[in-house]
Amino acid sequence: MNPLDILAQYWPRLLDGTLMTIKLTLLGALIAALVSPAFALIRVHASPMAQAPLRLYVSFMRGTPILAQLFLIYYGSGQFRPLLQEWGLWTFFRDPFNCALLAFALNSTAYQTEILRGGILGVPRGEIEAAKAIGMSRITALRRVVFPHAYRIAWPALGNEVILLMKASALASVVTVFDVMGRTRQIFSKTFDFSVYLWAALIYLSITAIFVLLWRQAERRLSRHIGAQHTAQGTRQHLKETRA
């Protein structure tokens, strides 16, 4: 079958899979983004004993394949069905989308925690001391000094993490979540035409390109004052050289 015919006939399914991929990726990354700042602070400021459970969690999530994590949650939860039913959680765990979302959120939280920890450690100590000197409380200093600077440092790495999460979301198809790859495999099982995988690759490429464009625009907004400072410094240097 002609590749264009495949697209013309099955584009509604591919579109449905694309929306599922975007939904899974954005929700997983958002949940991780809400949790990781607190975890990053624990990794930076807590005692080694207090950090131990979090470090174990981060090491496990970063050191094991996300596919294994997905299987542990989706298939492993079935081993505890009576207990989950007693706690009222079985309705959540029997849904493959919920299990995939939980696996991706847990995995991304581990990576975002370490990325943001590096950003916090990269904030110059002088800025923190200056915030304390003008009377900022610890919470205010975190909100107005530490986290804004840490996110500017960590922003490119966080973008890469979201892209990797989006590509990893293709694994959700193995637990019957019909994302792009799930729909692609479904279409291939009917047509046996490999060109559908080409369309799937182009869809992933398009999502990534659009995301990178938007992420870079956000990065420019976060760093716009840095460009202004460089411009001002260059102007002052030019005036000094002119006067000399």
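The values are calculated or read from the model by the stated rules, or taken from the named source; none is laboratory data. Computed from a prediction, not measured in an experiment: that's the story for all the values here. Cβ coordinates were reconstructed from backbone atoms using ideal geometry, including for glycine residues, and neighbour counts include every protein chain displayed. Just so you know, the surface numbers come from the protein's heavy atoms only, side chains and all, with ligands and any DNA or RNA stripped out. Shrake-Rupley method; radii C 1.70, N 1.55, O 1.52, S 1.80 Å.
Is it true that GLU86 is surrounded by fewer than 18 Cβ atoms within 10 Å (Cβ to Cβ), among the acidic types (Asp, Glu) and closer than 27 Å to ARG221 by Cα?
Values: surrounded by fewer than 18 Cβ atoms within 10 Å (Cβ to Cβ): yes; among the acidic types (Asp, Glu): yes; closer than 27 Å to ARG221 by Cα: no.
So GLU86 fails the test.
Scanning segment 54-67 for residues that are without any contact (Cβ under 8 Å) to a residue 60 or more places away in the chain and open to solvent by less than 40 Å² (accessible area, probe 1.4 Å) yields LEU54, VAL58, MET61.
Scanning segment 133-151 turns up one or more residues that are surrounded by fewer than 21 Cβ atoms within 10 Å (Cβ to Cβ) and aromatic (Phe, Trp, Tyr).
With a requirement of 3 or more residues that are in contact (Cβ under 8 Å) with a residue 60 or more places away in the chain, the helices (runs of 4 or more DSSP H) lying completely within segment 111-216 that satisfy it span 147-168, 180-191.
Taking the numbered list (1) of a type in the set (Gly, Ala, Ser); (2) within 30 Å of ALA8 (Cα to Cα); (3) buried (at least 17 other Cβ atoms within 10 Å of the Cβ) in turn, GLY159 passes all entries but (2).
Out of LEU27, LEU14, LEU34, one residue alone is in a helix (DSSP H, G or I), under 24 Å from PHE104 (Cα atoms) and modelled with pLDDT under 95. It is LEU14. Within the set LEU205, LEU171, LEU165, the sole residue that is surrounded by fewer than 17 Cβ atoms within 10 Å (Cβ to Cβ) and within 27 Å of ALA33 (Cβ to Cβ) turns out to be LEU205.
Tell me whether segment 237-244 contains one or more residues that are surrounded by 11 or more Cβ atoms within 10 Å (Cβ to Cβ), modelled with pLDDT under 90, in a helix (DSSP H, G or I) and acidic (Asp, Glu). No, because not a single residue in segment 237-244 is surrounded by 11 or more Cβ atoms within 10 Å (Cβ to Cβ), modelled with pLDDT under 90, in a helix (DSSP H, G or I) and acidic (Asp, Glu).
Can you find a residue in segment 213-230 that is at pLDDT 85 or above, closer than 14 Å to THR21 by Cβ and among the aliphatic types (A, V, I, L, M)? Before you say what the answer is, go through the steps one by one.
Of segment 213-230, the ones at pLDDT 85 or above are 213-220.
Checking the rest, the ones that are also closer than 14 Å to THR21 by Cβ come to none.
Looking through segment 213-230, none of the residues is at pLDDT 85 or above, closer than 14 Å to THR21 by Cβ and among the aliphatic types (A, V, I, L, M).
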